[in-house]
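**Q** Sharing a structure with you now.
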């Protein structure tokens, strides 16, 4: 492509404007009840994972999600799920609604980790297999 820098910028701007207009035309033609741009519903079935306690925390340990943890904090570390995602953990007969508070696992070989307070609530000692699912509005 030849031409001066202002000519190239003008051409690039025209192409971007044309793409934006074409996108708006396509979106405008979608029916109002179209689900093309909505998020998918989280699966409600139970998953299994190896979990264990991330250990006792100090008085103000900060997580990768920006949470400040203390000794009584309840939460889950998962390397992929987004910060703040609500999950239900089940171990034995105990179920707890909690959320993702960190994305950096402490111990290798685990798929998720729970705070020490949550491990006590669930009765987890060492690394065990737990069930988990995304929390849904229905429960």
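The values are calculated or read from the model by the stated rules, or taken from the named source; none is laboratory data. Treat the numbers as computed from the prediction; the structure is a model and nothing was measured. Note that each Cβ is placed from the backbone with ideal geometry, even for glycine, and that neighbours are counted across all protein chains shown.
**Q** Applying the selection to the range 107-134, what residues are part of a loop (DSSP other than H, G, I, E, B) and surrounded by fewer than 16 Cβ atoms within 10 Å (Cβ to Cβ)?
**A** 107, 108, 109, 123, 125, 126, 127
**Q** Residue 45: under 30 Å from residue 86 (Cβ atoms), modelled with pLDDT of 75 or more, in contact with a helix residue (DSSP H, G or I) (Cβ under 8 Å, 6 or more places away or on another chain) and in a loop (DSSP other than H, G, I, E, B), yes or no?
**A** Details: under 30 Å from residue 86 (Cβ atoms): yes; modelled with pLDDT of 75 or more: yes; in contact with a helix residue (DSSP H, G or I) (Cβ under 8 Å, 6 or more places away or on another chain): no; in a loop (DSSP other than H, G, I, E, B): yes.
Criteria not met by residue 45.
**Q** Name the residues in the range 62-75 that are free of Cβ contacts under 8 Å to residues at least 40 places away in the same chain and farther than 20 Å from residue 85 by Cβ, would you?
**A** The first filter runs over the range 62-75 and keeps only residues free of Cβ contacts under 8 Å to residues at least 40 places away in the same chain, leaving 62, 65-68, 70.
Within the range 62-75, just 70 meets the criteria.
**Q** Out of curiosity, is residue 77 touching a strand residue (DSSP E or B) at 6+ places or on another chain (Cβ under 7 Å), surrounded by 10 or more Cβ atoms within 10 Å (Cβ to Cβ), closer than 19 Å to residue 112 by Cα and at pLDDT below 90?
**A** So residue 77 fails the test.
**Q** Restricting the search to the range 82-125, which residues are modelled with pLDDT under 95 and at positive phi?
**A** Across the range 82-125, the qualifying residue is only 109.
**Q** Does residue 97 satisfy the criteria of being in a strand (DSSP E or B) and closer than 27 Å to residue 137 by Cβ?
**A** When the stated conditions are applied, residue 97 passes them.
**Q** Can you tell me which residues in the range 78-94 are part of a loop (DSSP other than H, G, I, E, B) and within 10 Å of the chain's Cα centre (by Cα)?
**A** Looking only at the range 78-94, we keep the residues that are part of a loop (DSSP other than H, G, I, E, B), and these are 78-85, 92-93.
Selection gives 78, 79, 80, 81, 82, 83, 84, 85.
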